[in-house]
Amino acid sequence: MEFTDEQIHRYSRHIILPEVGGKGQKKILQARVLIVGAGGLGCPVGYYLAAAGVGTIGIVDNDTIELSNLQRQIAHNTERLGMPKADSAKMTFEALNPDVTVHAIKERLNKDMIMDLIKDYDIVVDGSDNFPTRYLVNDACVMAGKPLVSGAILRFEGQVTTIIPGEGHCYRCLFEEPPPPGLVPSCQEAGVLGALCGVIGSLQAMEVLKLILGKGQPLKNQLLMYNAFESSFRKVKVPRNPDCPVCSDNPRITELQDYEAEYCQMRF
Amino acid sequence: MEEIKPDKSINIKGLICPYTFVKSKLAIEEMEVGQVLEIILDYPEASRSIPKSMEDHGHKVLKVEKINDTDWVILVRKERE
Ligand SMILES: [Zn+2]
């Protein structure tokens, strides 16, 4: 492909970087990224990936926009209350950059459709707000061998990690099983300072771009933690667990399962 | 001195920074290591910034010459991918 004059202008700040250049920008334009969730994390991830020119973005979300979302979910707006979040994200991202095609998938991920969905994408981003989805996405990506950039937020803290199946750790190497329902607050129950979503979502977008470009060191076997109150970042090593139930050589989990979605009963 | 014959030539007159460099970089990316790119430009600042940026990227600047009242010609040899 040849760049149009418009693309040369739009992506000039990428192209002048030695690590990107025209070749890197073409990789970005040809990349296909699936974002799970069009909420606090999915919005900034998708926003930056669309701005960067990621050619195909899939966004999965079965929720509609509520007023309480707008304090942090920056792809949506007040006029779109009640609209499906996936449709709103598509409108926002495609308006930002006509080079981007966004597929709005207005379903809740489940074990019967996730493998078929992720096979069309190069990289998966988890911006979900609940444990059932987080574990389902992890297991599916491990089984499909898809790189997964996972992010999570709670109150003033956030974390990011990059899972490269076959090379590094997975989410279950870190936390083998989801916590029992009722024990932990979900992000929907817990408060969050909106700008934290921007920090963590931007870190996830950066991980995705590094994977697309094949440059830099992604957070493989590492968990990056950010504490907004303390203004501190901490990186901890996450070794691959040789007995991991899903990514070890003899996995116990060989079929996907849907966990009970009882973490997020409370809505506001 | 022997005249150096460029393998490719681009005319970026009328462009200003950073597009002068963006166009030059895209052109040299498409070439083979060892080949020479000729850049003709008329933006004064770029006559200094392009040679510097090309060297930062590891390429060899062979010539920077003002050829008339408004224009410069720059020759760069591609040294690395
Ligand atoms: Zn694992």
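The values are calculated or read from the model by the stated rules, or taken from the named source; none is laboratory data. Quick caveat: nothing in here was measured; it's all calculated off a predicted structure. Positions of Cβ are backbone-derived with ideal geometry, glycine not excepted, and every protein chain shown enters the neighbour counts. Side chains included, ligands, DNA and RNA excluded: accessible areas come from the protein's heavy atoms. Shrake-Rupley method; radii C 1.70, N 1.55, O 1.52, S 1.80 Å.
Every residue, every condition in (1) within 16 Å of the ligand (Cβ to nearest atom); (2) within 14 Å of chain B (Cβ to nearest Cβ); (3) surrounded by 13 or more Cβ atoms within 10 Å (Cβ to Cβ), yes or no:
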residue	(1), (2), (3)
A:T161	yes, no, yes
A:G168	yes, no, yes
A:V199	no, no, yes
A:M206	no, no, yes
A:G216	no, no, no
A:N221	yes, no, yes
A:M225	no, no, yes
A:E230	no, no, no
A:K237	yes, no, no
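Which members of region B:66-81 meet the condition of being surrounded by fewer than 17 Cβ atoms within 10 Å (Cβ to Cβ), closer than 12 Å to B:G34 by Cα and among the basic types (K, R)? B:R80, the sole residue that qualifies.
A:D112 - would you say it is within 14 Å of chain B (Cβ to nearest Cβ) and open to solvent by 70 Å² or more (accessible area, probe 1.4 Å)? No: the conditions fail for A:D112.
What are the residues in region B:15-49 that are more than 13 Å from B:R77 (Cα to Cα), touching a residue at least 12 places away in the same chain (Cβ under 8 Å) and among the hydrophobic types (A, V, I, L, M, F, W, C), if any? Within region B:15-49, B:L15, B:I16, B:C17, B:F21, B:I40, B:L41, B:A46 qualify.
Looking only at residues in region B:27-57 that are closer than 17 Å to A:G22 by Cα and small (G, A, S), the one that is farthest from the other protein chains (Cβ to nearest Cβ) is B:A27. Among the criteria (1) open to solvent by less than 40 Å² (accessible area, probe 1.4 Å); (2) within 18 Å of A:P245 (Cα to Cα); (3) away from the ligand (no atom under 14 Å from the Cβ), the one A:A152 does not fulfil is (2). Considering region A:82-93, the residues that are part of a helix (DSSP H, G or I) and of a type in the set (G, A, S) include one that is surrounded by the most Cβ atoms within 10 Å (Cβ to Cβ), namely A:A89.
Total residues in region A:63-81 satisfying the condition of being loosely packed, with under 14 Cβ neighbours inside 10 Å and over 18 Å from A:G198 (Cβ atoms): the figure is 3. Among the residues of region B:12-26, some residue qualifies, meaning at least one is more than 13 Å from every other protein chain (Cβ to nearest Cβ) and not β-branched (V, I, T).
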